[in-house]
Amino acid sequence: MNLAKPPQAIAAALSALLGRERFLTDSQSLQHYGRDWTRFAAPAPSGVLLPNTIGEIQAIVGLARQNGVKLVPSGGRTGLSGGAMATNGELVLSLERVRKISPVNQAGRSVTCEAGAITAQIQQAAAKEGLMYPVDFASSGSSQIGGNIATNAGGIQVIRYGMTRDWVTGLKVVTGTGELLELNQGLIKNNTGLDFRHLFIGSEGILGVIVEATLALTDPPRNPRVMVLGVRSMAALMQVLASCQAQLSILAFEFFSDLALEKVTAEHSIQPPLQERYPFYALVEFESTSATAETRALEVVEACIAKGWVADAVLSQSESQRRSLWRLREDISETIAQWTPYKNDISTTVQQAPELLRSVDALVSQHYPDLEVVWYGHIGDGNLHLNILKPDGVSVGDFQDRCKGVSAHLFAAVQELRGSISAEHGVGLLKKEFLRFSRTESEIELMRGIKAQFDPDGIFNPGKVFDP
Ligand SMILES: Cc1cc2nc3c(=O)[nH]c(=O)nc-3n(C[C@H](O)[C@H](O)[C@H](O)COP(=O)(O)OP(=O)(O)OC[C@H]3O[C@@H](n4cnc5c(N)ncnc54)[C@H](O)[C@@H]3O)c2cc1C
């Protein structure tokens, strides 16, 4: 592998700033830090920078700017769109050492943390004080809050609590000029012109580096219970969603296909939750605040069975059962990673989700009759994850070319419904060529203009989102 070397001028200055142990150029580190969870491009950074402080980050940005060197902001590298990939001699700017979590502010129900703080550690810090940071997903044990904010991460409880954007009350960012901006300072009320905080949320590292965030916290749900329901069709799934929404205090409404269940139960040697197999399963989590809440949930299920939408169901009877049922859904992504899946993360409005499911189903049967297709997702948010598994013996490049051809049809169907080609995972490298299916030319031009304001020399995350 031909890995680039950092330009001599900046290399000397970076060594002086960070020392040898925090400015890495060995090939193992370049491979490790140069990639995220995707496996469709080869990492090729020229160095890895591990600053300890915000001041060091500002100094790095200043040096990069003076020397025309590109930087890739890097969090927990669990991203699924190649946003943190460094493929072209860039320097990886890792936030992993900038990770302090300040004490929870009880009166303000908030917590301030540096960008490299691990999501699960923030959740634990809040839980210790009887509060909750509610954005959660299977990778929260490795992802960083800076990465979550840069991707506006969603996850398994969006139906109840919303996306990362809904919890960020303050941000500190270092822009492409090296300037430190303090955005919204944790305020709940602040109507003083344009709110730049929201530009950085979901910016995928193209405007600058997020270095600190203040997050709102909430009360944890009381007595959450989980049901897994065997469902005969996607149309029935949406009817079940409507019934649950109308009658229960829902925390999550997820779905997965039988192939997803088969892969997870085989991988972890666990029993399927129901006696028989069904095409789809809904995982419904609800708050059970009284004895009647549970009775009502059972009545809802019985009514769905009577209508023929649900075939069978199981309700968690203990916390450990609740966790085991969640694993059936949460372990899917990690389990299928061994097949280098081609991931699609599409969405539409909830009311149009049945139409989306119908169009996608037709496309899948037409174009992938010979391939294994794993469906799952946050269907209560209108968000579907469609994973095409790479067959053995086919090269990653050939497989990707075939899937990309079909993506054009898939995204045209999404566009028809005015949906999104990337609901949660961002655009990064992988969805860049399809951005136009969700955003207009004039919107993309506006994005370019905004980038030029925050990053006038284009040093951050080149080649991502809309950059050629
Ligand atoms: C098993 C699994 C399950 C997942 N489930 C979900 C899910 O349910 N919902 C969901 O939304 N996502 C999910 N993801 C995707 C991923 O975990 C999220 O996108 C997460 O927010 C990425 O955080 P990270 O710290 O790993 O970011 P990285 O992958 O390191 O980076 C992601 C992007 O953010 C930029 N970035 C990182 N840190 C900063 C910073 N400090 N300042 C500026 N830019 C920065 C990078 O340049 C890159 O463009 C899942 C991933 C895996 C592996």
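For this structure, a couple of remarks:
- Members of segment 170-193 found to be surrounded by 22 or more Cβ atoms within 10 Å (Cβ to Cβ) and β-branched (V, I, T), listed by number: V173, V174
- Residue among R327, R358 that alone is closer than 13 Å to P273 by Cβ and among the charged types (D, E, K, R): R327
- The residue of segment 163-186 that is farthest from the ligand (Cβ to nearest atom), among those that are under 20 Å from the mean Cα position of the chain (by Cα) and of a type in the set (V, I, T), is T169.
Condition check ((1) of a type in the set (S, T, Y); (2) outside the structural domain of V350 (by TED's automatic domain parsing); (3) under 19 Å from Y161 (Cβ atoms); (4) at pLDDT 95 or above) across all residues:
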residue: G230; (1), (2), (3), (4): no, yes, no, yes
residue: L237; (1), (2), (3), (4): no, yes, no, no
residue: F253; (1), (2), (3), (4): no, yes, yes, yes
residue: F256; (1), (2), (3), (4): no, yes, no, yes
residue: I270; (1), (2), (3), (4): no, yes, no, no
residue: Y278; (1), (2), (3), (4): yes, yes, no, yes
residue: V284; (1), (2), (3), (4): no, yes, yes, yes
residue: S288; (1), (2), (3), (4): yes, yes, yes, no
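- Residue ranges of helices (runs of 4 or more DSSP H) in segment 243-355 with at least 1 members under 20 Å from P221 (Cα atoms) and touching a helix residue (DSSP H, G or I) at 6+ places or on another chain (Cβ under 7 Å): 291-306
- If the condition is being over 14 Å from A115 (Cα atoms) and more than 9 Å from the ligand (Cβ to nearest atom), then segment 203-216 contributes only A216.
- Failed item, numbered, when T164 is tested on (1) β-branched (V, I, T); (2) touching a helix residue (DSSP H, G or I) at 6+ places or on another chain (Cβ under 6 Å); (3) within 30 Å of G68 (Cβ to Cβ): (3)
- Count of segment 49-60 residues which are away from the ligand (no atom under 12 Å from the Cβ) and surrounded by fewer than 24 Cβ atoms within 10 Å (Cβ to Cβ): 7
- Residue identified as without any contact (Cβ under 8 Å) to a residue 24 or more places away in the chain and under 25 Å from L384 (Cα atoms) among A252, A266: A266
- Screening D166 with (1) touching a residue at least 60 places away in the same chain (Cβ under 8 Å); (2) part of a helix (DSSP H, G or I) gives one miss only, at (1).
Matching residues to (1) open to solvent by 70 Å² or more (accessible area, probe 1.4 Å); (2) at pLDDT 95 or above:
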| residue | (1), (2) |
| --- | --- |
| V414 | no, yes |
| S422 | no, yes |
| H425 | no, yes |
| L429 | no, yes |
| L435 | no, yes |
| L446 | yes, yes |
| F454 | no, yes |
| P468 | yes, no |
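- Taking segment 14-118 and the strands (runs of 3 or more DSSP E) fully enclosed by it, the elements with 3 or more residues that are touching a residue at least 24 places away in the same chain (Cβ under 8 Å) and more than 23 Å from V168 (Cα to Cα) are at 47-49.
- Every residue from segment 244-263 that is under 17 Å from A313 (Cα atoms), surrounded by 17 or more Cβ atoms within 10 Å (Cβ to Cβ) and of a type outside the set (A, V, I, L, M, F, W, C): E254, S257
- Of the candidates E267, E285, the single residue that is under 17 Å from R329 (Cα atoms), open to solvent by less than 10 Å² (accessible area, probe 1.4 Å) and charged (D, E, K, R) is E285.
- Among residues of segment 149-162 being open to solvent by 20 Å² or more (accessible area, probe 1.4 Å) and not basic (K, R), the one that is nearest to the ligand (Cβ to nearest atom) is T151.
- Residue within segment 351-360 that is in contact (Cβ under 8 Å) with a residue 12 or more places away in the chain, closer than 15 Å to E254 by Cα and among the hydrophobic types (A, V, I, L, M, F, W, C) present: yes
- Flag if G19 is more than 30 Å from T335 (Cβ to Cβ) and either surrounded by fewer than 22 Cβ atoms within 10 Å (Cβ to Cβ) or assigned by TED's automatic domain parsing to the domain that holds I388 (or both): yes
- Scan of segment 203-226 for residues that are in a loop (DSSP other than H, G, I, E, B), surrounded by 18 or more Cβ atoms within 10 Å (Cβ to Cβ) and not aliphatic (A, V, I, L, M), ordered by number: S203, E204, G205, P221
Here is a yes/no grid of residues against (1) more than 15 Å from the ligand (Cβ to nearest atom); (2) open to solvent by 30 Å² or more (accessible area, probe 1.4 Å); (3) outside the structural domain of N152 (by TED's automatic domain parsing); (4) of a type in the set (D, E, K, R):
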| position | (1), (2), (3), (4) |
| --- | --- |
| G62 | yes, no, yes, no |
| Q66 | yes, yes, yes, no |
| V69 | yes, no, yes, no |
| S81 | no, no, yes, no |
| K100 | no, yes, yes, yes |
| G116 | no, no, no, no |
| T119 | no, no, no, no |
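The values are calculated or read from the model by the stated rules, or taken from the named source; none is laboratory data. If you're wondering where the values come from, they're calculated on a predicted model, not measured in any experiment. Using ideal geometry, Cβ is built from the backbone for each residue, glycine included, and neighbour counts are taken over all protein chains shown. Areas reflect the complete protein model, heavy atoms only, side chains present, ligands, DNA and RNA absent. Shrake-Rupley method; radii C 1.70, N 1.55, O 1.52, S 1.80 Å.
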